[in-house]
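Peer 1: I am attaching a structure below and will ask some questions about it afterwards.
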Amino acid sequence: MEQYKIDEYNHQHINDHQRKFNFVAEDVAKLDDVLQKLQAFNIAIPSWALGTGGTRFGRFSGGGEPRTLEEKISDVGTIHALNRSSNSISLHIPWDIPENANAIKAHAAQYGLHFDAVNSNTFQDQKDAKLSYKFGSLHHTDKAVRDQAIQHNIDVIKYGIELGSNALSVWLSDGSNFPGQLNFRKAFQNTLDSLQQIYAALPDDWKVWIEYKPFEPNFYSTTIGDWGQSHLLASKLGKKALTLVDLGHHLPNTNIEQIVSLLLMEQKLAGFHFNDSKYGDDDLTVGSINPYQLFLIFNELVEGMDARGLNHATGIGWMIDASHNVKDPIEDLIQSVEAIKIAYAQALLVDTKALVEAQQSNDVAKAQEILQAAYRTDVRPLLAEARLRQGGALNPIALYRQLGVRDTLIQQRGAKTVATGL
Ligand code: RM4
Ligand code: MN
Ligand code: MN
């Protein structure tokens, strides 16, 4: 993605942008502060989201999918060049094993990218593995299976160290499908014991992020099923263990913003896997179903991070975890990043002083007015301005289409390539 193409595009659309920007900017208090925060805010792209996702009913491969880790990195490079908001990549191992870490790091650095959290995978059997995870991994009844899964996590930490990452993200599918199958207490204790051994292998400046999920692939119980169970493990493990919130991992109508607020208060919020959903772990584009919920979450995040004096961009982990069944993954990821930053920008616009006063005096209607005034502001020109100042495109998807990037990828990689992932 040559810079001059982006500049040329921006030049053609600058007047239109300026008009829209001036209109909204006029009413934004602390405009420079908001723009600076937007410029600093990046969201990591998962290496497993650059191919077409499938469901258990099938997978309809899109054209030009990345065949190698290098090609995945170059796709993230394209996204970052266009939006200047996706400067890191999160690897899932063994879907993406960095055979030569130095070369991979150098390749990523060419695009201005670094490596975010590394993700272990003990929810699938790996080829050449001696033992099966059919009945779980870190919680397994058989110590030999647990040991194999522990070793895998330690190996993932080693890959992460080579890449300059500093967090291990653990999601377990461990659970049970039928009542009576499992002793809950023993399963929890085995998980804790296994995590303690992984924790012991963490470098001093590393963190382990413990993700929870209520169901799927197990449909009766999941051993780390909700934030309480994750938090219990994280607090028993110690300071380096935190709870990761994946937006799709809650039962319908859960008040996620309240969970986030309390985890942040307790210094136990690791960060996010962003996606959106209507029913379960749908992994849809962020902001496509319930953008108001996303705004309410960001409102708690901004308030809670400010209360603790945390840097918004680096205080916790920001990552997308979505799957694209029918859209071009690159376009979908650009949409997700945009939706996240829109919610963040809206949260930055909340009149916090007035909100505190309304809360203090129990002025419920006023409190709602304040939140919704921020939510109903069209902040897209602010995002575009932040991108422009960093050399990104005023409209990333429009330029991506205009340049025919996907067609070029199909020509280079073929129409029938299949990326590793789910
Ligand atoms: C899980 C969970 C994990 C992700 C896998 C692919 O549902 O969200 O974070 O690594 O899917
Ligand atoms: Mn996730
Ligand atoms: Mn998920």
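The values are calculated or read from the model by the stated rules, or taken from the named source; none is laboratory data. Keep in mind it's a predicted model, so treat the numbers as computed, not measured. Heads up, the Cβs are rebuilt from the backbone with ideal geometry, glycines too, and the neighbour counts pull from every protein chain shown. The protein model used for the area step is the full one, side chains on, heavy atoms only, and it has no ligands, DNA or RNA in it. Shrake-Rupley method; radii C 1.70, N 1.55, O 1.52, S 1.80 Å.
Peer 1: Based on DSSP, what percent of beta bridges with both residues in region 154-279 are antiparallel, to the nearest 5?
Peer 2: Percentage antiparallel, nearest 5: 15.
Peer 1: Rounded to a whole number, what % of the accessible area of the chain do carbon and sulfur atoms account for, probe 1.4 Å?
Peer 2: Ligands and nucleic acids excluded, carbon and sulfur give 50 percent.
Peer 1: Please list, by residue number, every one of the GluC sites (Glu not before Pro) in region 1-46 that is coil in DSSP and has at most 12 other beta-carbon atoms within 10 Å.
Peer 2: For GluC sites (Glu not before Pro) across region 1-46 that sit outside H, G, I, E and B with at most 12 neighbouring Cβ atoms in 10 Å, the list reads Glu2, Glu26.
Peer 1: Compute, for the chain, the length of the dipole vector about the Cα centre, with Cβ point charges of +1 (Lys, Arg) and -1 (Asp, Glu) only. Units Debye, rounded to 20.
Peer 2: 640 debye
Peer 1: Could you give the dipole magnitude of region 1-97 about its Cα centre, charging the beta-carbon of Lys and Arg +1 and that of Asp and Glu -1, in debye to the nearest 20?
Peer 2: Numbers: 10 positive and 13 negative charges, 77 e Å.
The dipole magnitude comes to about 380 debye.
Peer 1: Of the peptides 404-411, 356-363, how do they stack up when ordered by the mean number of other Cβ atoms within 10 Å, highest first?
Peer 2: Going by the mean number of other Cβ atoms within 10 Å, highest first, we get 404-411, 356-363.
Peer 1: Tell me what the chain gives for mean residue ellipticity at 222 nm when only DSSP H runs of n ≥ 4 count, each as -39,500 (n - 2.57), the sum divided by the residue total, rounded to 500 deg cm²/dmol.
Peer 2: -15500 deg cm²/dmol, from helical runs alone.
Peer 1: Further question on the same structure: Specify which residue in the list Ser235, Ile154, Ser74 is farthest towards the positive end of the charge dipole of the chain, using unit charges on the beta carbon of Lys, Arg (+1) and Asp, Glu (-1), about the Cα centre.
Peer 2: Ile154
Peer 1: What accessible area per residue, rounded to a whole number of Å², is obtained for region 279-422 using a probe radius of 1.4 Å?
Peer 2: 46 Å²
Peer 1: Here's something else I'd like to know. Please compute the modelled spin-label separation between Phe60 and Asp351, points set 7 Å along Cα→Cβ, answer in nm with one decimal.
Peer 2: Spacing of the two 7 Å Cα→Cβ label points: 4.8 nm.
Peer 1: Karplus couplings for region 135-146 from phi (6.51 cos²θ - 1.76 cosθ + 1.60, θ = phi - 60°), rounded to Hz, Gly and Pro as x?
Peer 2: Per residue, the Karplus-derived 3J(HN,Hα) values read 10, x, 10, 5, 9, 4, 5, 9, 4, 4, 5, 4 Hz.
Peer 1: So, one more: Compute the label zone of Leu232 within region 169-204: residues whose backbone N is under 12 Å from the point 7 Å along Cα-to-Cβ.
Peer 2: Under cut-off, by backbone N: 184-192.
Peer 1: At 25 °C and 0.890 mPa s, what whole-number value in µm²/s does Stokes-Einstein give for the translational diffusion of region 266-422, with Rh from the Kirkwood sum over Cα pairs?
Peer 2: After rounding, the answer is 138 µm²/s.
Peer 1: Can you run phi through the Karplus equation (6.51, -1.76, 1.60; θ = phi - 60°) for region 241-257 and list ³J(HN,Hα) in whole Hz, with x for Gly and Pro?
Peer 2: 9, 9, 9, 9, 9, 9, 4, x, 9, 9, 6, x, 6, 4, 7, 5, 4
Peer 1: Taking only Cα atoms and a 10 Å spring cutoff, compute GNM fluctuations for the chain and point out the largest among Tyr292, Tyr159, Tyr111.
Peer 2: Of Tyr292, Tyr159, Tyr111, the Gaussian network model singles out Tyr292 as fluctuating most.
Peer 1: Here is a follow-up. How big is the gap, in Å, between the Cα center of region 148-207 and the Cα center of region 384-422?
Peer 2: If we compute the Cα centre of each part, the gap is 35 Å.
Peer 1: Okay, next question. Straight-line reach from Lys130: which aspartates and glutamates fall under 20 Å, measuring Cα to Cα and dropping same-chain residues less than 8 apart?
Peer 2: Result set, ordered by chain and number: Asp142, Asp147, Asp155, Asp174.
Peer 1: Now for a different question. Given Gln3, Thr52, Asn15, which one lies farthest toward the positive end of the charge dipole of region 1-73, if we put +1 on the Cβ of every Lys and Arg and -1 on the Cβ of every Asp and Glu?
Peer 2: Going by the charge dipole, the pick is Thr52.
Peer 1: Now a separate question. So what is the relative contact order for region 334-422, in percent, with contacts set as C-alpha pairs under 8 Å and at least six apart?
Peer 2: About 25 percent, as a whole number.
Peer 1: In whole Hz, what ³J(HN,Hα) sequence does region 232-238 give by Karplus (6.51, -1.76, 1.60; θ = phi - 60°), x for Gly and Pro?
Peer 2: Per-residue couplings from phi come out as 4, 5, 4, 6, 6, 6, x Hz.
Peer 1: Normalising by the residue count of the chain, find the relative contact order in percent from Cα pairs under 8 Å and 6+ residues apart.
Peer 2: Reported relative contact order: 24 percent.
Peer 1: Then there is this: Can you tell me the accessible area per residue over region 28-156, all protein chains present, probe 1.4 angstrom, in square angstrom?
Peer 2: 42 Å²
Peer 1: Let me check against my output: what whole-number percent is the relative contact order of region 190-283, with C-alpha pairs under 8 Å and at least 6 apart?
Peer 2: Taking the mean separation of contacting Cα pairs over the length of region 190-283, I get 26 percent.
Peer 1: Please tell me which of these pairs span more than 21 angstrom C-alpha to C-alpha: Lys20/Lys341; Lys207/Lys278; Lys158/Lys207?
Peer 2: Checking Cα-Cα distances, Lys207/Lys278 exceed 21 Å.
Peer 1: What is the magnitude of the charge dipole of region 63-151 about its Cα centre, with +1 placed on the Cβ of each Lys and Arg, -1 on the Cβ of each Asp and Glu, and no other charges, expressed in debye to the nearest 20?
Peer 2: On the way: 9 positive and 11 negative charges, 40 e Å.
The calculated dipole for region 63-151 is roughly 180 debye.
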